[in-house]
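The values are calculated or read from the model by the stated rules, or taken from the named source; none is laboratory data. Quantities reported herein were computed from a predicted structural model and do not represent experimental measurements. Note: ideal-geometry Cβ built from the backbone for every residue, glycine included; neighbour counts use all protein chains shown.
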Amino acid sequence: MKEWREWVVAMGAKTIELEPARHDELVAWVSHLPQFVATALSAILEEQVGGAPELKDVGGRALREMTRLGSSPFSMWRDIAHTNTDAVEKTLLALEERLALLRENLRTPELRNQFEEANRFRRE
């Protein structure tokens, strides 16, 4: 194991030790949730405006990046969804709740707080 780690570090990667449950929790937040968000966005765009020729012209980089991720093959994500279900469900529920909060506060000062909280995460 030590030899493998040294090899990985020599290639420029950083290694950390995590308990399996903590690993599953973290990757559900930083990998699986973004994938499922991008998949949902790509699917709803296809359903709602997929035939609009001007969509890609108004979308920009964010749209390209999100839909690039959203086009990942099901075969790659099926096993992740089946083996890390509890952690993925937890993150999806938390996102659903946060989206509801954003929707409820579109016209209130609380919306600013949501943006400030998001910006704090990125800065720290």
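Values computed for the structure shown
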read-out: Options ARG98, ARG22, ARG5, ARG78; residue that is under 22 Å from GLN114 (Cβ atoms) and over 13 Å from the mean Cα position of the chain (by Cα); value: ARG98
read-out: The one condition in (1) over 24 Å from PHE115 (Cβ atoms); (2) at pLDDT 90 or above that PRO34 fails to fulfil; value: (1)
read-out: Residue match in segment 105-120 (condition: surrounded by 10 or more Cβ atoms within 10 Å (Cβ to Cβ), closer than 21 Å to SER42 by Cβ and either under 14 Å from the mean Cα position of the chain (by Cα) or without any contact (Cβ under 8 Å) to a residue 60 or more places away in the chain (or both)); value: no
read-out: Residue within segment 45-52 that is under 27 Å from LEU99 (Cβ atoms), touching a residue at least 12 places away in the same chain (Cβ under 8 Å) and surrounded by 12 or more Cβ atoms within 10 Å (Cβ to Cβ) present; value: yes
read-out: Criterion: surrounded by 15 or more Cβ atoms within 10 Å (Cβ to Cβ), in a helix (DSSP H, G or I), free of Cβ contacts under 8 Å to residues at least 24 places away in the same chain and not polar (S, T, N, Q) - qualifying residue of LEU33, LEU26, LEU63; value: LEU63
